[in-house]
1. Taking residue 174 and the conditions (1) in contact with a Ser or Thr (Cβ under 9 Å, 6 or more places away or on another chain); (2) within 15 Å of the ligand (Cβ to nearest atom); (3) over 23 Å from residue 280 (Cβ atoms), which numbered condition does it fall short on, given that it satisfies the others?
2. Looking at residue 84, is it buried (at least 24 other Cβ atoms within 10 Å of the Cβ), under 26 Å from residue 26 (Cβ atoms) and either within 12 Å of the chain's Cα centre (by Cα) or assigned by TED's automatic domain parsing to the domain that holds residue 59 (or both)?
3. Which one is farthest from residue 224 (Cα to Cα) among residues in segment 253-272 that are in contact with a helix residue (DSSP H, G or I) (Cβ under 9 Å, 6 or more places away or on another chain), at pLDDT 95 or above and not hydrophobic (A, V, I, L, M, F, W, C)?
4. Note down all Cβ pairs under 8 Å where the first residue falls in segment 170-186 and is assigned by TED's automatic domain parsing to the domain that holds residue 99, the second is among the aromatic types (Phe, Trp, Tyr), and they're at least six residues apart or on different chains.
5. In segment 130-160, how many residues are of a type in the set (Gly, Ala, Ser) and within 18 Å of residue 86 (Cα to Cα)?
6. In segment 159-188, how many are at pLDDT 95 or above and in a loop (DSSP other than H, G, I, E, B)?
7. Report, ordered by the first and then the second residue, all pairs with beta carbons closer than 9 Å, sequence separation of six or more or different chains, a first member in segment 249-278 that is free of Cβ contacts under 8 Å to residues at least 60 places away in the same chain and hydroxyl-bearing (Ser, Thr, Tyr), and a second member that is in a loop (DSSP other than H, G, I, E, B) and exposed (fewer than 10 other Cβ atoms within 10 Å of the Cβ).
8. Give me the strands (runs of 3 or more DSSP E) completely within segment 25-124, filtered to those with at least 1 residues that are away from the ligand (no atom under 14 Å from the Cβ) and β-branched (Val, Ile, Thr), ordered by residue number.
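The values are calculated or read from the model by the stated rules, or taken from the named source; none is laboratory data. Nothing here was measured: the structure is a model prediction, and the numbers come from that model. Note: ideal-geometry Cβ built from the backbone for every residue, glycine included; neighbour counts use all protein chains shown.
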Amino acid sequence: MSFDDATSPAIGRISNIARDGDLAELVGLRHKHFIITLKAGTKFETHRGVIQHDDLIGKAWGTQVFSHLGAPFFLLQPSLADLLTDLPRSTQILYPKDIGFILVTMGIGPGKKVIEAGTGSGSMTIAMAYAIGAEGRVISYEIRPDMQNLAKKNLERVGLASRVDLKLRDIQSGFDETDGDAFFLDLPNPYDYIPQVRAALKPGGFLCSLLPTVNQVEQLLVALRREHFAFIEVCEILVRYYKAEPNRLRPTDRMVAHTGFLIFARKIEPGEDERGKELEKEIDSADVFGH
Ligand SMILES: C[S@@+](CC[C@H](N)C(=O)[O-])C[C@H]1O[C@@H](n2cnc3c(N)ncnc32)[C@H](O)[C@@H]1O
């Protein structure tokens, strides 16, 4: 399935004012927030009253607006993190803390070709489509039609569907691509598909996988070494928020303690020359498990 709509992303349009077609966030009392797509002539209804979209279109971002009952809201342009947190989902989605680190570590930027499996609800697909710009391409594989449809809807809502090819397939049978700059592999048994992933990446290409348990990470490490991936790193990202009170600055009571381990690696070509063996050991590519 691919898309040829030429819509510019509804997310993050460069403008100081809210315009027809923009994604907008309304933040009311007690942090109640809503993300809507502005459409002239329509209205937004909550239990706090009604707001006409025409009263929002043309307003400067960051200003206050009121419902017909007088309930106050701030009108904001949602960030990528706001949108991803708000995404309709039926799988575990990624947290902004992990997404940001994955994008910069794999160098996912304008013009890159990125492959993904599985698509899930499409949260990482959206983040990658945003990062690669109009010249890049995301190709995302998913086995379940219902998940693919949800991801398609989510991509269309943010206006990024035209940058993505959604493919319905069990990745056991491999990928159509052979020149990916980066691969994001997010399913429970990534270690079963490393030869296929290797074939889809160009030499030097990046791989990242996200796994909730150390047992899965161990299995993945064995598979990566067997398939000549190198520069292997395992990490997890912990973020601690603080109560932003100048006189009582202290951590908030709760934090997200664990989302998943991130495993990064790069596809390298093993050398024949004995002089390169020490370097190969240093970059983790040596098959220490003797497979
Ligand atoms: C953890 S979810 C991915 C979540 C996604 N990263 C997101 O942000 O929404 C894993 C997805 O992989 C899909 N999947 C599992 N095994 C697969 C396979 N062999 N081939 C293709 N997709 C698969 C599942 O159907 C599921 O939607």
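1. (1)
2. Values: buried (at least 24 other Cβ atoms within 10 Å of the Cβ): yes; under 26 Å from residue 26 (Cβ atoms): yes; either within 12 Å of the chain's Cα centre (by Cα) or assigned by TED's automatic domain parsing to the domain that holds residue 59 (or both): yes.
Criteria met by residue 84.
3. The initial filter retains those residues of segment 253-272 that are in contact with a helix residue (DSSP H, G or I) (Cβ under 9 Å, 6 or more places away or on another chain), namely 256, 259-265, 267-268, 270-271.
Next cut, at pLDDT 95 or above only: 260-265, 267.
Okay, now just the ones that are also not hydrophobic (A, V, I, L, M, F, W, C), so 260, 267.
On the way: 260: 18, 267: 9 Å.
Result: 260.
4. Once the first residue is assigned by TED's automatic domain parsing to the domain that holds residue 99 and sits in segment 170-186, its partners that are among the aromatic types (Phe, Trp, Tyr) give 171/141; 171/193; 172/193; 175/141; 181/206; 182/206; 183/206; 185/193.
5. First pass over segment 130-160, keeping only residues of a type in the set (Gly, Ala, Ser): 131, 133-134, 136, 140, 151, 159.
When the remaining residues are screened for being within 18 Å of residue 86 (Cα to Cα), the result is 151, 159.
Within segment 130-160, residues that are of a type in the set (Gly, Ala, Ser) and within 18 Å of residue 86 (Cα to Cα) number 2.
6. Of the residues in segment 159-188, the ones at pLDDT 95 or above are 160-188.
Narrowing further to those that are in a loop (DSSP other than H, G, I, E, B): 160, 169-170, 174-179, 186-188.
Count: 12.
7. Matching pairs, first to second residue: 252/240.
8. Working: elements: 33-37, 43-46, 49-52, 64-66, 72-76, 113-117.
Answer list for segment 25-124: 33-37, 43-46, 49-52, 64-66.
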